[in-house]
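The values are calculated or read from the model by the stated rules, or taken from the named source; none is laboratory data. All of these numbers come straight from a predicted model, not from anything done at the bench. FYI the Cβ positions are ideal-geometry reconstructions off the backbone, even for glycines, and counts take in every protein chain you see. Keep in mind that these areas ignore ligands, DNA and RNA; they rest on the heavy atoms of the full protein, side chains included. Shrake-Rupley method; radii C 1.70, N 1.55, O 1.52, S 1.80 Å.
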Amino acid sequence: MTGAAERAAIRVPFGGETDVGRLARRAGAVVVDALIVGLALALAAVAVALLGGSPPSAGQWGVPLVYLGYHAGFEGTVATTPGKRLLGLTVVGEDGSPCGPWAAAIRTVCRAVDGIGFYILGVAVALATDGDRRLGDLAAGTRVVPAGDTGDTSDAAEESVGDRPER
């Protein structure tokens, strides 16, 4: 299988490239990422219990810090999270470059506000902005785009991945 064919094989078709379709894919990515973080935390708790230790007293801040660290870490290093990757999304800067550590940190800090009421505020802001940008995207100068897309809206960048010849 070629690299493009392998990437296409792991993408889950979910929503179109309409505003609502992109939001649906982003919502799906949030759910996948939350499940991954929850599973990792549950496995860590079981491992600690099996080793005879008592769970760390992270209290009410442990889970949110792990969740936020997960997003900042993945988006800051590879410009996507496993959930976004599964749904064919990536985070890019306004110039089309991959999201870096600083932008990922800003997006992540703002996630605490965007996530109010199960992301109702983030969805409302995304619906009101061009390109489905939540507060974190606006503050960090980023946008979430289909993987392989730079987010650039110039004529040269409008060529879709499907229209490119096989190499």
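Of the numbered conditions (1) surrounded by fewer than 20 Cβ atoms within 10 Å (Cβ to Cβ); (2) of a type in the set (A, V, I, L, M, F, W, C); (3) modelled with pLDDT of 90 or more, A58 fails exactly one; give the number of that condition.
The number of the failed condition is (3).
Hey, among E94, E75, which residue is surrounded by 19 or more Cβ atoms within 10 Å (Cβ to Cβ) and among the acidic types (D, E)? Walk me through it before giving the result.
On the way: E94 fails: surrounded by 19 or more Cβ atoms within 10 Å (Cβ to Cβ).
From the options E94, E75, the qualifying one is E75.
Keeping to region 114-141, report how many residues are closer than 17 Å to L68 by Cα and modelled with pLDDT of 90 or more.
Filtering region 114-141 down to residues closer than 17 Å to L68 by Cα leaves 114-119, 122, 134-137, 139-140.
Remaining after also requiring modelled with pLDDT of 90 or more: 134-137, 139-140.
Residues that pass the stated criteria total 6.
Could you identify the single residue in V113, V125, V144 that is open to solvent by 40 Å² or more (accessible area, probe 1.4 Å) and touching a helix residue (DSSP H, G or I) at 6+ places or on another chain (Cβ under 7 Å)? Before the answer, list the steps.
Working: V125 fails: open to solvent by 40 Å² or more (accessible area, probe 1.4 Å); V144 fails: open to solvent by 40 Å² or more (accessible area, probe 1.4 Å).
Exactly one residue qualifies, and that residue is V113.
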